[in-house]
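Enquirer: Before we start, here is the structure in question, set down as structure tokens.
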């Protein structure tokens, strides 16, 4: 009996020791895989993207992927036994575990291990780094996703070796302005039953894009083009002034209709349906006189060739990519002079016959509020872009002042708001379809503007696609820009006056140092559910938070605030 007990003890201990060794070897192998994979990920981690105020737009998040290791099972000698492992009889609870087990991603290693349950010894758990994107306010169409979309900022940065060059890349986008622009544009598109809309806002002096909203399935601001309509008039008038083709005090007669060069193959009329009589350059811009700009084009052609006009259009930045950090940007269309007809220059004077992207339009128009200098647009906050003088500074300042009258008494009076001086130019461009030509009753409503009139800070373009009610740019597009600038200025002013920081929806604020009651209420006001908030410690002041500041918040995030006295 004693010998039997010794034999049993020996085999029991031997089996136990063997099990410990086997577990150690397996776990050591798993740890080795884990460490090697983790090192590989660390070496390939891409930069986080933040806005101009440090708010996170794209960041890396550590996750754990788990799956059944069929290779491990197949390598065992007894394949039938391995097959039996997946078909053996388990308890009802175990069967339920397997039934709902799926290859997936987990926040922690422990969660993955627990979820795998009885299949742990046939599984592998690896760390992975996922990219988490803020897709609010049409940022998804702007940022794009590396290896998933063929367009956007991130694919451009990846392709050009910028995305892994530093820990954090500061984009020029201002999330608060992006949110306001998105809300105002969406409101107008819905109200006007429009097919879509675009807003692009840039810093006048630097070319940094502060907001870019596209209400389309793809980003037309960089990947599609439209006719500029009357928004081209300020540039043509500026060029004619610089070349001394016209003078600031010149007058033009606006009648019922006009035939450039005296020929009957191209009739020009005013959009109002009647002539305006004698108009100067200020009135030509304020009331958008088609007949006056046609007469100015006649004078240009008396002095210069079609080739000269074509080169001027290229100087404005049309017909070629701006070079902004957006993969998928297109050139637009400016036909070669060899393909022009006799009426083509007059069509161009009215903003027809050429296709330009909204980013090209706002960059070209910005020449005027930027004292005659073209500055290349950019999405990088710390980048200094090249600039070149296109129009003389005195001419640019004069035309800029005239453009303020478009809002005060001209076609953009609906953009007027007390205490908010905005200048700009309206435009209405008839839509064209391939193989059909211009579509009757289908228009783009446009407004390009700058704010404020004195020493402009921002230049912007608004495009409303085929509004069903009003369709003139001054009626539909211009008020959008006013509302954006008004709200943005008010929020900044309010924040500065009360000394409070502006908090962004779905972005984790920095609450360290805040009284716990105030921090708690801030999170509730941001829409965080009470059940997702955990307070630890017995103090009155927040000293740490489980979710880092400026991270994009998901509905499932649990936020823990720790306090001390």
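Where a number appears in this text, it was derived from the coordinates with a stated rule and is not lab data. Remember, it's a predicted structure, so these values are computed and weren't measured experimentally. Here the Cβ is made from the backbone with ideal geometry for all residues, glycine too, and neighbour counts use every protein chain on show.
Enquirer: Given 0.36 nm per residue, what is the gain on full extension from residue 330 to residue 140 after removing their alpha carbon distance, in nm?
Expert: Residue separation times 0.36 nm, minus the Cα-Cα distance, leaves 66.5 nm.
Enquirer: Would you kindly calculate the mean projected area, averaged across all directions, of the convex hull enclosing the Cα atoms of region 195-285, in square nanometres? Mind showing how you got there, number by number?
Expert: Numbers: hull surface 37.0 nm².
Convex hull of Cα atoms, orientation-averaged projection: 9.3 nm².
Enquirer: Whole Å is fine, so just give me how far the alpha carbon centre of region 513-527 lies from that of region 252-322.
Expert: Between the Cα centre of region 513-527 and that of region 252-322, the gap is 59 Å.
Enquirer: Which order do the peptides 455-467, 343-355, 436-448 come out in when sorted by mean C-beta neighbours inside 10 angstrom, highest first?
Expert: Working: 455-467: 23.2, 343-355: 20.7, 436-448: 19.0.
Per-residue Cβ counts within 10 Å, averaged per peptide and sorted highest first, yield 455-467, 343-355, 436-448.
Enquirer: Round to the nearest 0.05 the FRET efficiency obtained for residue 149 and residue 468 when R0 = 30 Å and r is the Cβ-Cβ distance.
Expert: Computed FRET efficiency for residue 149 and residue 468: 0.45.
Enquirer: Still on this structure, I have one more. Which of the three applies to region 175-496, rounded, prolate or oblate, going by the alpha-carbon gyration tensor with a ≥ b ≥ c and a/c under 1.5 meaning rounded?
Expert: In terms of gyration-tensor shape, rounded.
Enquirer: What full-extension length gain, to one decimal in nm, is calculated for residue 522 and residue 249 as 0.36 nm per residue of separation minus the Cα-Cα distance?
Expert: Gain on stretching residue 522 to residue 249: 92.5 nm.
Enquirer: What is the distance, in nm, between label points placed 7 Å from the Cα along the Cα-to-Cβ direction at residue 436 and at residue 454?
Expert: 4.9 nm
Enquirer: To one decimal place, what Kirkwood hydrodynamic radius in Å is obtained for region 516-564 from all pairs of distinct Cα atoms? Walk me through the intermediate numbers first.
Expert: Working: mean 1/r = 0.0909 Å⁻¹.
Its Kirkwood hydrodynamic radius stands at 11.0 Å.
Enquirer: Please give the FRET efficiency for residue 538 paired with residue 383, using the beta carbon to beta carbon distance and R0 = 56 Å, rounded to the nearest 0.05.
Expert: 0.70
Enquirer: On a full-extension model of 0.36 nm per residue, what is the gain between residue 339 and residue 314, subtracting their alpha-carbon distance, rounded to one decimal in nm?
Expert: Full-extension gain reported as 7.4 nm.
Enquirer: Please state, as a whole number in µm²/s, the translational diffusion coefficient that the Stokes-Einstein equation yields for region 367-418 at 20 °C and 1.002 mPa s, with Rh defined as the Kirkwood radius across alpha carbon pairs.
Expert: It diffuses with D of about 168 µm²/s by this estimate.
Enquirer: Of 136, 314, 403, 511, how do they rank once you tally other Cβ atoms within 10 Å and put the fewest first?
Expert: Ranking 136, 314, 403, 511 by Cβ neighbours within 10 Å, fewest first, gives 314, 136, 511, 403.
Enquirer: Of the peptides 406-414, 521-529, how do they stack up when ordered by the mean number of other Cβ atoms within 10 Å, highest first? Please report the intermediate quantities before stating the final value.
Expert: Values: 406-414: 22.0, 521-529: 14.6.
Packing order, densest peptide first, comes out as 406-414, 521-529.
Enquirer: Quick check on packing: order 482-492, 368-378 by the mean number of other C-beta atoms within 10 Å, highest mean leading.
Expert: 368-378, 482-492
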